1. Residue pairs, Cβ under 7 Å, 6 or more apart or interchain, first in region 2-14 and over 22 Å from CYS88 (Cα atoms), second open to solvent by 40 Å² or more (accessible area, probe 1.4 Å). List them.
2. Do you know which residues across region 12-55 are open to solvent by 70 Å² or more (accessible area, probe 1.4 Å), assigned to a loop (DSSP other than H, G, I, E, B) and either more than 19 Å from ALA97 (Cα to Cα) or among the basic types (Lys, Arg) (or both)?
3. Residue pairs, Cβ under 9 Å, 6 or more apart or interchain, first in region 111-123 and free of Cβ contacts under 8 Å to residues at least 60 places away in the same chain, second among the hydroxyl-bearing types (Ser, Thr, Tyr) and not in a loop (DSSP other than H, G, I, E, B). List them.
4. It is to be established whether one or more residues within region 29-44 are more than 17 Å from ASP157 (Cα to Cα), modelled with pLDDT of 95 or more and not hydrophobic (A, V, I, L, M, F, W, C).
5. Mind checking which helices (runs of 4 or more DSSP H) fall wholly inside region 56-174 and carry at least 1 residues that are open to solvent by 40 Å² or more (accessible area, probe 1.4 Å) and modelled with pLDDT under 85?
6. What residue, of MET121, MET89, MET147, is within 29 Å of PRO52 (Cβ to Cβ) and not acidic (Asp, Glu)?
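The values are calculated or read from the model by the stated rules, or taken from the named source; none is laboratory data. Just so we're clear, the structure is a prediction, and the values are computed from it rather than from any experiment. Neighbour counts are summed over all protein chains in view; Cβ atoms, including those assigned to glycine, are modelled from backbone coordinates with ideal geometry. When the accessible area is computed, the model is the full protein with side chains, heavy atoms only, and any ligands, DNA or RNA have been set aside. Shrake-Rupley method; radii C 1.70, N 1.55, O 1.52, S 1.80 Å.
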Amino acid sequence: SGKWQKHAQKDLYPFNFVPYEDAERIMTKVIPLFDKDGDHDSYTREFAAAAPKYEALAQDAEAKGDKEAARANYLKAYGLYRTARFPCMNTDGKRDAYKKSQGCVMKAWSFVESPPERVEMPFKGKPGEGDKVVAYLRRPVKAKTPMPVIVVWAGIDTFKEDNLHRTLMFFNEG
């Protein structure tokens, strides 16, 4: 029993939205590969491979009009892809998992009353840094007065999509 199990059982970082059964199965398989054989990509491969099942369940639920089940399953797929790219995007597999996690999390959030809006701000950085900064903006639908703005950013092992659920309490309180 390791620290990862306690986090996975309680839906804690970095296992947010990852079904415990999947985390247990995957971690039991990859720890020996990672530790003994040095197969560091096994972690990414196995977590990413578990996600499509939940994407398919989400798409099926969405087609049937069950938004709650669709959202829950997109979040599970997001959690698995997100964990696959953890802690940082230093391989092609992790970069691919991150892109897939973005698609799943945005799909999950599309079912809420006030979904996040992608905002791109011009940016003039060094070569290779890109030409824009991407953020997500959420506006309360029923706000009767101007609302304060909360700016949240992440560190090396968390990304902006991870903060959508972490900031929900502030959003709900106004």
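1. Qualifying pairs under 7 Å: GLN9/TYR20.
2. LEU12, LYS36, ASP37 - these are the residues of region 12-55 that are open to solvent by 70 Å² or more (accessible area, probe 1.4 Å), assigned to a loop (DSSP other than H, G, I, E, B) and either more than 19 Å from ALA97 (Cα to Cα) or among the basic types (Lys, Arg) (or both).
3. PHE111/TYR74; PRO116/TYR136; GLU117/TYR136; ARG118/TYR136; VAL119/TYR136
4. No, because not a single residue in region 29-44 is more than 17 Å from ASP157 (Cα to Cα), modelled with pLDDT of 95 or more and not hydrophobic (A, V, I, L, M, F, W, C).
5. Correct list: 163-166, 168-173.
6. Values: MET121 fails: within 29 Å of PRO52 (Cβ to Cβ); MET147 fails: within 29 Å of PRO52 (Cβ to Cβ).
Selected residue: MET89, the only one of MET121, MET89, MET147 that is within 29 Å of PRO52 (Cβ to Cβ) and not acidic (Asp, Glu).
So that you can scan it fast, the table gives a plain yes or no per residue for (1) hydroxyl-bearing (Ser, Thr, Tyr); (2) more than 21 Å from THR167 (Cβ to Cβ); (3) out of contact with any Asp or Glu (no Cβ under 9 Å at 6 or more places or on another chain):
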position	(1), (2), (3)
PRO52	no, yes, yes
LEU57	no, yes, yes
GLY65	no, yes, yes
ALA84	no, yes, no
GLY93	no, yes, no
SER101	yes, no, no
VAL105	no, no, no
VAL112	no, no, yes
GLY125	no, yes, no
